[in-house]
Amino acid sequence: MDNTLTTKIVGALLALFLVLTVVGQFFVKSGNDLKIEVAMRYNSQDTIDFIGVFARDEHTVSRVTSGVLLYEHEDGSKVGKNSIIANTFASRADIEYSREIDVLEKKIATLKDAQALAGTDNSQVEAFGKLITEKHSELTDAVQNGDYALVSQLKYELLNLQCKRDMVKGKVSDYSAVIKKYENEISSLEDRISASPVAITADETGYFVSSADGYENILTAENAAMLTPSQIKDIIENPVKEKPQGNVIGKMIEGYEWKLAAVFTQSQAAVLTQNTYVELIAGADLSRMTVLVESVEKHGDEYVAVFSADELNSVLASSRTGKFKLLIDSYNGIRIPSTAVHFDDQNNVGVYIKDGTQARFRFIERIYSAEDYIIVSDTSGKDGYLSLYDSVIVEGKDLYDGKTL
């Protein structure tokens, strides 16, 4: 046979083989080109964001003072009759000296408590190590949540644990020298204070706040339901009506009950029913509170809802307005893309999972549907149903139960 013809025939066969190989690879890849996601637990919430206006029974507190005020409690703290709510100092320098003395006294108390463990064996070292780790985690959470009063408290608790660990480890045998040093510093600071502070006491029991906003006699619990949408919006834009005048040093909230008025659209108000309880999510720490829907009133195209509760904290007491989320519903289950949902030949809804080298159909119980995904019940352990950590096929062609992948 002619060598040129032979070469041409071999070349043509090789070319045909190459084409068939590429085409075959394409179809094999297309038939088995799967996209898989692991079934994981998922929590979802439907909420309505809103800003509300607080109404409370409160009145301003006035005192004739001379000097600089230093308040004794965090805003919103409960105080008893005749308890000290503030001290008047002759100057700001005296306040700084007093604050330094307070810090040193806390350090001394911390060291004295730790020194009580002098002579103890080191069997508690591991326990103190765990407590320090836990306290450090609490401190980090408090910083992230902006709870600086708690940060200050946890700082000394952490110092106390560290001192105790050093004591039982034998790294330190005595804190007497440090305590004596702090006591000398306190004496020096006390000598620099120009005059003793004058205490200001409460006339009644209540929740004291060191500021006033001019709404104390306007936004009462009794008239909260009479607020209109325009009034609520105006208060939100101007949360301080007027600055305290005269000898006003703050205000006293007379009870722990409070009300919250807010404006909603018609569709938002449709989820609210009078005399029922709902959950609100508030603050940077997303704390939850259960409140009563006292009223839902129509004002033209808008609605005013009034909520009430009987749990008061410093944030609720010291603020005139607040940002909230109204929790409509929450869903806990397994989240899967909508593309993973199929129907079998008997019209049962489910998904295909990759089980070894085969596709298997698993039933699902739908809880919630969105455009791109659905949330289904965690049916782990239920025969024939989707379980946590199954490999769900979210993209694949010509799937059927038992198909080899």
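The values are calculated or read from the model by the stated rules, or taken from the named source; none is laboratory data. Predicted model only: the values in this text are computed from it and were never measured. Here the Cβ is made from the backbone with ideal geometry for all residues, glycine too, and neighbour counts use every protein chain on show.
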**Request:** Have a look at I101, I95 and point out the one that is within 30 Å of I253 (Cα to Cα) and either within 33 Å of the chain's Cα centre (by Cα) or surrounded by 13 or more Cβ atoms within 10 Å (Cβ to Cβ) (or both).
**Result:** I95
**Request:** Kindly check whether there is at least one residue in region 286-296 that is over 15 Å from F50 (Cα atoms), acidic (D, E) and modelled with pLDDT of 95 or more.
**Result:** yes
**Prompt:** Inside region 318-405, counting only strands (runs of 3 or more DSSP E) that do not spill past its ends, which hold 2 or more residues that are closer than 30 Å to G250 by Cα and either touching a Phe, Trp or Tyr at 6+ places or on another chain (Cβ under 8 Å) or without any contact (Cβ under 8 Å) to a residue 40 or more places away in the chain (or both)?
**Reply:** 321-337
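May I ask you to list the residues in region 67-96 that are touching a strand residue (DSSP E or B) at 6+ places or on another chain (Cβ under 7 Å) and of a type in the set (G, A, S)?
If the condition is that a residue be touching a strand residue (DSSP E or B) at 6+ places or on another chain (Cβ under 7 Å) and of a type in the set (G, A, S), then G67, G76, S77, S83, A86, S91 are the ones that fit.
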**Message:** Quick check on region 130-176: of everything there that is over 23 Å from the mean Cα position of the chain (by Cα), assigned to a loop (DSSP other than H, G, I, E, B) and not hydrophobic (A, V, I, L, M, F, W, C), which residue is surrounded by the most Cβ atoms within 10 Å (Cβ to Cβ)?
**Reply:** Y175
**Prompt:** If we keep just the residues of region 326-363 that are more than 19 Å from N43 (Cα to Cα) and touching a Ser or Thr at 6+ places or on another chain (Cβ under 7 Å), which is surrounded by the fewest Cβ atoms within 10 Å (Cβ to Cβ)?
**Reply:** T357
**Prompt:** Being surrounded by 18 or more Cβ atoms within 10 Å (Cβ to Cβ), out of contact with any Gly (no Cβ under 8 Å at 6 or more places or on another chain), over 30 Å from A86 (Cβ atoms) and in contact (Cβ under 8 Å) with a residue 60 or more places away in the chain, is that true of even one residue in region 193-211?
**Reply:** no
**Item:** Residue among Y156, Y175, Y182 that alone is in contact with a Cys (Cβ under 9 Å, 6 or more places away or on another chain), of a type in the set (S, T, Y) and not assigned by TED's automatic domain parsing to the domain that holds L286
**Value:** Y175
**Fill in**
Scanning region 104-127 for residues that are under 34 Å from the mean Cα position of the chain (by Cα) and among the basic types (K, R) gives K106, K107
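Residues are listed down the side, and each one gets a yes or a no for (1) in a loop (DSSP other than H, G, I, E, B); (2) modelled with pLDDT of 95 or more; (3) in contact with a strand residue (DSSP E or B) (Cβ under 9 Å, 6 or more places away or on another chain):
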residue	(1), (2), (3)
V178	no, no, no
S194	yes, no, yes
E204	yes, no, yes
Y207	no, no, yes
A212	yes, no, yes
E216	yes, no, yes
E222	yes, no, yes
A225	no, no, yes
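Quickly run through region 36-77 and pick out the residues that are assigned to a strand (DSSP E or B) and touching a helix residue (DSSP H, G or I) at 6+ places or on another chain (Cβ under 6 Å).
Correct list: I48, I51, V53, A55, V68, L70.
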**Message:** Residues to consider are G300, G322; find the one that is crowded, with 16+ Cβ neighbours inside 10 Å and modelled with pLDDT under 95.
**Reply:** G322
